[in-house]
Each structure stands twice: as structure tokens, then as C-alpha cells.
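These notes are about the structure you will find just below.
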Amino acid sequence: MITIEEAYKTVIDTACCLQTEKIKFTESLGRVLAENVKSDIEMPPFDKSAMDGYACRKTDLKNNLEIIEIIPAGKIPEKEIGVNQCANIMTGAPIPRGADCVVQVELTELINDKLVKINTEPARANISYKGEDVKEGEIVLQKGIKIEAQHIAIFAAVGYTEVLVYKTPKVGIISTGDELVEPNIKPSLSQIRNSNGYQLIAQVKKCGAIANYIGIADDTPQDTFEKVNKALNENDIVLLTGGVSMGSFDFVPDVLKQAGIKILFDSVAVKPGKPTTFGVANGKYCFGLPGNPVSSFVQFELLVKPLIYHLMGEEYKNIDIQMPLGVDIKRRNPDRKAYFPIIFKNGCIYPVDYHGSAHIHALSLAHGIISMEIGQSELRKGEKVHVRQI
Ligand code: AMP
Ligand code: MG
């Protein structure tokens, strides 16, 4: 049995083949940029006015100035500013030749429509100089960033209308179990609703990947094999839930091998989620996750999510919060690394009352999960612990 840290390393070391595609920049929000973006122009592209006011010469500021032109944004100035002259200029308009400053309207007084009086010197030149923000050819966005709204503005500004991004992984999801029924059906005495599959769909979507729900597979090798094959054909990652334990109807590991998947691990020293299985075949990745929804939720967080991010070109970094515990937490058997759902209350961390890995209600109340290392059987009140937000 390997540790969860070794399992993580195995998954990430296996994930190598990132694929890219070109898409319209307007469609690229949330995707990961696959190349550096350079500016094809200087920014600003010309010396431009940062104020609505009067463009003139600093040496003439004490005098009344003749207004020789009006320069709205988008117009090329026609006249050169001479001694005691100025142009009425708008924010964003090109500075006329001869002028070396802009006096904002608020500091002036119009004597008539041809003459303006400057009341105070401006604190600065109020000119945004050509190239002062970005030089032509300069890298404005680095490969590997997740594209946000402010990056879309940069694409637009440098004319980068076709964006090279990493492809979004498609994730096929299969729930296994004869006892499962879909959520719209009221379970009979021996049945339970498939909560796991829908939780996984949501987890996949939250990562920004495409979720492809295949359905419920019966606990037979034939049906499981068929659905695994279909899922492998259509997706980059396949997630199965259930059927990975030691029961007589737990066929998933055998079926995965039969489908040509090389199993890299099939049990992890972690609680919940010990029978988590991972394998690869021809650039595809496959997880057999435990059937209980809390276990599969946690294993998705720890192993599947980092893989999805990795395939999208981004290293997943959990935001690490440290806070003191509000109570002691003890456990009997410290043979595996254990994860517990917790809540934040009054600046402290408290465990959520948790009956085990089928207890989805406990998970639904939790703000995050904390862990206890192998060999560690207690955490003391007041001790600062790391929280993984969920
Ligand atoms: P298994 O790993 O197939 O033995 O399943 C372990 C436990 O998880 C059993 O109690 C199952 O009934 C339960 N379980 C399996 N699949 C699901 C699912 N999709 N949704 C909710 N519970 C499940
Ligand atoms: Mg089962």
C-alpha cells in the first residue's frame, strides 16, 4: 500500500501529454493560456492626453492662451502649438506638436471661445507617453495563466484574437452497483440513489473540465466492461465509483485490466478511500474510486482534481488556511492518513459530527477538510492545523 503523497506523485508524473487548440479570444475565459502573448504595438500607441483640458507649453502657463484647435479623441491634431497658444484637448486624444503638458479644465477659466486663462500650474504633465505601459514585442501575458476577464482586455488590446489554450479534458463518469437507482426514482428496500455520480459530475465541472455521464453499470463484468470501453473511447479521464473493494461483486480492477489499462496503484494508505485505484492506457487515465460518496469526494479532491488541472496546463494549488483547533480530536487506529470534515466557528476549527464515508450530510455542512498523518492519533485543542478548503 502506498501513501497518498506517493499516489499523488504517481498520478502527476504519469500525466504528461498536454494538448492545445486555438480558440476565439472571446471564448477563452477560464481556459489556460498555452503560449506567451506579445504586444504588436506600443501602449499607449501615441503620446496622449490623460485629461480633458488644454494642451500647451509649460513656459506659457502664466499667460492667457489662444485656443487654436479642438482635439477630440480619435482625431489627429492639425496645428502645432506656438508661444501662448493651446488646443482644447479631450482625454485619449493625441498631443499636438509643440505642447509639453495638458492643464485640466478644472484649473482654467474660459475668457471667451478663443482665449483661456490658466489659474494654477498642473501637478504633472498629464500626458501618457507612447510605449510607457508596454513596448512593441514585449510579453504581456505568460503561458500557463488561467484566463480571467482582465486578460481578455489585454488580448483585445494587442489584437490577439485567436488564443492558443490547453484542451479541456473530458471526463467520463460511471457509477457501478446493482443497488443504485437514479435520483428521480424512489429506492426500494435494498436500493440507494446514485448520489456519487452526480457529485462527481459537479466536481468535474467545478474544475472547468467537461463531464460526460455514462450511467450506472450493473455489478457484472460484462456491463462494466462495455461502459468502461465506451468511456475510454469518448474521454481523456474515466472515473468509476464503487466495485473496487474486496466484495464478491467488486469487478472494477479486473475489468480495467481487461480493457487494457495498466494499473499503477490499487490501494492507498488513506481514510476514507483506501481502495482507490489508478491506471493508464494510451494517454487515457482511469480512476476506480470508492463507492461511498464522502470517500470519492475526498479522493477526487486529492488525486483527480490535480490531474485535471495538470492536463489543462495548470498546477493545482490548494489555498492553505491555518487555524487553531477548538477541541481535541482523537482516533484509535493511526495506520492510514485520515481526512475529516470541519467547520470554521469563532476563529477556530471544529470537526463535523461524522459517522463515516456514507455520511454525505456531514460533508455538506463542512467548510473544509483537515488531515492526521500516519502514526498520529490525536490533535490538541489550540494546535494550528492546515485546512484544505472544499
Ligand atoms: P462498493 O465500493 O461498491 O462496495 O460500495 C461501497 C458503498 O458505497 C456501498 O454501501 C454502496 O452502496 C455505496 N455506493 C456505491 N456507489 C454509490 C453511489 N453511486 N452513490 C451512493 N452510494 C454508493
Ligand atoms: Mg458496489
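The values are calculated or read from the model by the stated rules, or taken from the named source; none is laboratory data. This is a predicted model, so every value here is computed, not measured. Glycine also receives a Cβ, built like all others from the backbone with ideal geometry; neighbour counts cover every protein chain displayed. Keep in mind that these areas ignore ligands, DNA and RNA; they rest on the heavy atoms of the full protein, side chains included. Shrake-Rupley method; radii C 1.70, N 1.55, O 1.52, S 1.80 Å.
Summarising the label geometry, the points placed 7 Å from Cα in the beta-carbon direction at Asp335 and Glu5 lie 2.1 nm from one another. Listed by chain and number, the lysines placed with their C-alpha closer than 23 angstrom to that of Lys22 are Lys38, Lys143, Lys146, Lys167, Lys170, Lys205, Lys206, Lys284; residues fewer than eight positions away on the same chain are left out.
Given Cα pairs under 8 Å that are at least 6 residues apart, what percent is the relative contact order of the stretch 48-128?
On the way: 216 pairs, mean separation 31.9, N = 81.
That works out to 39 percent.
Which stretch or stretches of the stretch 158-176 have amide N atoms under 19 Å from the point lying 7 Å from Glu27's Cα along the Cα→Cβ direction? From the stretch 158-176, the list is 159-171. Taking every alpha-carbon pair under 8 Å whose residues sit at least 6 apart, the chain reaches a relative contact order of 16 percent. Prolate is the label for the chain, because the ratio a/c of its alpha-carbon gyration tensor axes (a ≥ b ≥ c) is 1.5 or higher and a/b is greater than b/c.
Once the C-beta distance of Asp133 and Phe344 is scaled by a Förster radius of 35 Å, the resulting FRET efficiency is 0.25 to the nearest 0.05.
Spin-label model, Phe265/Lys79: points 7 Å from Cα along the beta carbon direction are separated by 7.8 nm.
Rounded, prolate or oblate, given the Cα gyration tensor of the stretch 136-248, with a/c below 1.5 counting as rounded? If you can, show how the numbers build up before the last one.
Values: a/c = 4.14, a/b = 2.78, b/c = 1.49.
Verdict is prolate for the stretch 136-248.
With Cα atoms defining each centre, the stretch 90-161 and the stretch 210-254 are spaced 59 Å apart in the structure. Counting only Cβ charges, +1 for Lys and Arg and -1 for Asp and Glu, the dipole size of the chain around its Cα centre is about 780 debye. Entry note, the stretch 238-309: relative contact order of 32 percent, from Cα contacts under 8 Å with a spacing of 6+ residues. For the chain, the solvent-accessible area with a 1.4 angstrom probe is 50 square angstrom per residue.
What FRET efficiency comes out for Thr220 versus Asn318 if R0 is 35 angstrom and r is the Cβ-Cβ distance? Round to the nearest 0.05.
That pair, Thr220 with Asn318, gives E of 0.40.
Here the accessible area is traced with a 1.4 Å probe on the protein chains. For the chain, carbon and sulfur cover 51 percent of it. Descending by average beta-carbon neighbour count within 10 Å, the peptides 71-80, 303-312, 368-377, 288-297 line up as 288-297, 303-312, 368-377, 71-80, the highest first. Peptides 173-185, 119-131, 228-240 ranked from most to least packed, by the mean per-residue count of other Cβ atoms within 10 Å: 228-240, 173-185, 119-131.
Heavy-atom accessible surface of His386, to the nearest 10 Å², is about 100 Å², with a 1.4 Å probe and all protein chains retained.
Students often forget the sequence filter, so: which aspartates and glutamates lie under 19 Å Cα-Cα from Lys24 once same-chain residues fewer than 8 apart are removed? Straight-distance partners of Lys24: Glu35, Asp40, Glu148, Glu162. Apply the a/c threshold of 1.5 to the C-alpha gyration tensor of the stretch 48-128 and tell me whether it is rounded, prolate or oblate. Rounded. With R₀ fixed at 30 Å, the C-beta to C-beta distance from Leu18 to His367 puts the FRET efficiency at about 0.40. Here the stretch 72-176 is assigned +1 on the Cβ of each Lys and Arg and -1 on the Cβ of each Asp and Glu. Its dipole about the Cα centre then comes out at about 460 debye.
Where does helix 4-14 land angle-wise versus the long Cα axis of the chain, in degrees 0 to 90, nearest 10? Between the helix axis and the principal axis of the chain, the angle is about 60 degrees.
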